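Trainee: Quick one: the structure is below, questions incoming.
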Amino acid sequence: MEKRIIYLDNNATTKIDEEVMNAMQPYFTEKYANPSGVYYFAQEVKKDIENARENVAKLLNANPDEVVFTSGGTESDNMAIKGIAFANKEKGKHIITSAIEHHAVLNTCRYLEKNGFEITYLPVDKYGIIDIDMLKKSIRKDTILITVMYANNEIGTIEPIEEIGKIAREKNIYFHTDAVQAAGKIDIDVKKLNVDLLSISAHKFYGPKGIGALYINKKVKIEPILHGGHHEKNRRAGTENVASIIGMGKACEIAIKNLKDQSYKMKIKSLRDKLEKEILKNIPEVIVNGSPEKRVDNTLNICIKYIEGESVLINLDFEGICASSGSACTSGSLEPSHVLLALGLPHEIAHGSIRFSLSKYNTEEDIDKVINVLPGIVEKLRNVSPFWKERKNDAK
Ligand code: PLP
């Protein structure tokens with residue numbers, strides 16, 4: 001019998017919704033025209049793309065012409081940050097970001113540093129929230145952009161985006177937020193938040209991989225990073241990824257409906273809370289990372305002291321449970337997560353981190369399975385851990 005997979009790595013990616021799949025299907029086989037064509041067959045496809053754009057705009061409370069389709073979160077982040085930097089380099093070369101951004105933002109900033117820009121990396125408190133006073137103090141005459149993520153992918157902490165937006169607006173500085181982990185999980189209103197640019201990615205909320213969007217406020221001019229045809233109103237060249245755009249539109253439509261449904265949100269939250277409560281009850285010396293209150297409902301990041309997170313993951317995998325040690329990008333590297341280090345955790349504790357991220361498909365049975373097997377795995381690993389032995393001897 002095939003072993004059932006218990007998938008708890010939904011911040012890495014989600015299973016595509018069947019409704020999304022069905023919406024995409026005709027664009028591979030029947031409606032395959034290039035939307036740039038002048039004939040009716042192509043114009044129909046173009047119309048469907050514009051409908052999808054409207055759904056993306058609705059999710060963000062934006063205008064449809066402020067939405068540009070990209071190949072995902074990474075491209076949206078690159079486009080926003082490089083696009084503002086290159087368009088405003090005569091005005092200034094200073095950018096402010098946070099120490100806990102995704103690598104799509106951090107490495108884009110590092111690239112700009114090599115090209116003459118100066119970057120301030122704001123520290124965060126023990127919950128992963130940026131210091132607003134530090135942000136205010138970091139603003140300079142030549143600051144052109146603030147880029148701070150909406151929700152962190154590893155620990156789920158939600159940043160004070162509205163407050164940052166207000167400061168940026170007062171100081172006349174562009175503000176970008178990477179909302180890849182917020183979209184579909186919390187309400188997003190670009191107008192209320194005062195953001196100029198916002199990145200999202202469909203595969204994080206039951207859409208297909210390889211498609212995303214960047215919201216660009218209509219008053220904001222950016223330098224494109226892809227050059228070619230006149231697609232996306234000259235903001236992003238390349239033939240549209242039609243089927244995926246349709247899928248993203250459908251995923252947004254479903255997300256809008258689900259975000260209005262309190263019981264939908266409560267189901268995910270109560271499963272996450274049960275998992276957290278039972279782990280803390282049954283396993284000694286576990287730390288929960290991230291903000292207890294300002295956190296997306298689906299994410300639980302813990303450090304199990306005195307053992308390696310990677311060893312726990314391998315043992316969970318034997319049980320058919322998929323979790324991660326943090327970001328998909330840092331998996332496989334020996335360095336502990338930059339996010340956990342930024343919280344002030346020592347290396348040895350940060351190494352013991354596990355992230356469980358839930359989806360609408362998870363059930364009570366999934367959570368019970370983790371609750372049942374995790375204490376045994378931890379006990380087994382701690383029994384062979386020299387650090388655990390030392391800890392026990394110290395306690396005697
Ligand atoms: N930003 C955040 C916060 C993410 O979690 C991710 C993906 O893990 C990305 C950006 C990159 O998105 P994509 O995989 O669509 O390129």
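The values are calculated or read from the model by the stated rules, or taken from the named source; none is laboratory data. Owing to the predicted nature of the structure, the values given are computational and were not obtained by experimental measurement. Here Cβ is always computed from backbone atoms with ideal geometry, including for glycine, and neighbour counts include all displayed protein chains. When the accessible area is computed, the model is the full protein with side chains, heavy atoms only, and any ligands, DNA or RNA have been set aside. Shrake-Rupley method; radii C 1.70, N 1.55, O 1.52, S 1.80 Å.
Trainee: Tell me whether the chain comes out rounded, prolate or oblate; compute the Cα gyration tensor, take square roots of the eigenvalues as a ≥ b ≥ c, and use a/c under 1.5 as the rounded threshold. Each step should come with its number before you reach the end.
Mentor: Numbers: a/c = 2.19, a/b = 1.36, b/c = 1.61.
Oblate, since a/c reaches 1.5 and b/c is not below a/b.
Trainee: Something else now. GNM, the chain, Cα, under 10 Å: largest mean-square fluctuation among A33, A85, A57?
Mentor: In this elastic network of the chain, the residue with the biggest mean-square fluctuation among A33, A85, A57 is A33.
Trainee: Based solely on its DSSP helices, what 222 nm [θ] is calculated for the chain when runs of n ≥ 4 H residues each add -39,500 (n - 2.57) and the sum is averaged over all residues, nearest 500 deg cm²/dmol? It would help to have the intermediate numbers written out before the result.
Mentor: On the way: 16 runs with 172 residues, N = 396.
It comes out at -13000 deg cm²/dmol, rounded to the nearest 500.
Trainee: Separate question: What's the longest bit of the chain with no exposed GluC sites (Glu not before Pro), using DSSP loop states and at most 13 other Cβ atoms within 10 Å as the test?
Mentor: Values: sites that count: E2, E30, E90, E293.
In short, 91-292.
Trainee: Once amide H atoms are built 1.01 Å from N in the peptide plane, which residues 5 or more positions from G238, or in another chain, come under 5 Å H to H?
Mentor: Here the answer is G229, H231, since their amide H atoms fall under 5 Å of that of G238.
Trainee: Relative contact order for the chain: what is it in percent, counting Cα pairs under 8 Å that are at least 6 residues apart? Display every interim value, and only then the final one.
Mentor: Values: 762 pairs, mean separation 89.1, N = 396.
RCO, the chain: 23 percent.
Trainee: Can you list the HN-Hα couplings for the stretch 119-127, worked out from phi with the Karplus curve (6.51, -1.76, 1.60; θ = phi - 60°), rounded to whole Hz and with x for Gly and Pro?
Mentor: 10, 9, 9, 6, x, 10, 7, 5, 9
Trainee: Provide the per-residue ³J(HN,Hα) series for the stretch 233-239, in order, calculated from phi with Karplus coefficients 6.51, -1.76, 1.60 and θ = phi - 60°, each as a whole number of Hz, with x at glycine and proline positions.
Mentor: Per residue, the Karplus-derived 3J(HN,Hα) values read 6, 6, 9, 7, 6, x, 4 Hz.
Trainee: Enumerate the lysines that K141 could reach by cross-link, defined here as Cα to Cα under 27 Å, with residues fewer than 8 away along the same chain left out.
Mentor: K82, K89, K91, K93, K114, K166, K171, K191, K192, K218, K219, K221
Trainee: Would you mind pulling out the separation of the Cα centroids of the stretch 1-54 and the stretch 344-396, in Å?
Mentor: 38 Å
Trainee: 5 Å is the cut-off here: which amide hydrogens, built 1.01 Å from N in the peptide plane, fall below it relative to I146, excluding neighbours closer than 5 in sequence?
Mentor: Placed amide hydrogens put I96, Y174, F175, H176 under 5 Å from I146.
Trainee: Could you check which residue among N298, N63, N282 shows the biggest mean-square fluctuation in a GNM of the chain with a 10 Å Cα cutoff?
Mentor: Among N298, N63, N282, the largest GNM mean-square fluctuation belongs to N282.
Trainee: Same structure again: Under the rule of at least 5 residues apart or a separate chain, name every residue whose amide H is placed under 5 Å from the amide H of I321.
Mentor: For I321, whose amide H was placed from the backbone, the distant partners under 5 Å are I6.
Trainee: A follow-up question, please. Counting only other residues whose beta carbon sits under 12 Å from that of I314, what net charge do I get with K and R as +1, D and E as -1?
Mentor: Values: positive: K380; negative: E308, E310, D317, E319.
Within the 12 Å Cβ shell, the charges total -3.
Trainee: Could you provide, to the nearest whole Å², the per residue accessible area of the stretch 262-395 with probe 1.4 Å? Working shown, then result.
Mentor: Numbers: 6290 Å² over 134 residues.
The answer is 47 Å² per residue.
Trainee: So which trypsin sites (Lys or Arg not before Pro) in the stretch 113-179 are both in a DSSP loop and have at most 15 other Cβ atoms within 10 Å of their Cβ? Show your work: numbers first, answer last.
Mentor: Values: sites: K114, K126, K136, K137, R140, K141, K166, R169, K171; in loops: K126, R140, K141, K171.
Listed in order of number, the matching sites are K126, R140, K141, K171.
Trainee: Another one. Under a GNM of the chain (C-alpha, springs under 10 Å), which listed residue has the highest mean-square fluctuation: I132, I354, I173?
Mentor: I132
Trainee: Moving on. For K281, K274, K392, K260, give me the order by solvent-accessible area with a 1.4 Å probe, most accessible first, ignoring ligands, DNA and RNA.
Mentor: On the way: K281 140, K274 55, K392 105, K260 160 Å².
Largest accessible area first, the residues go K260, K281, K392, K274.
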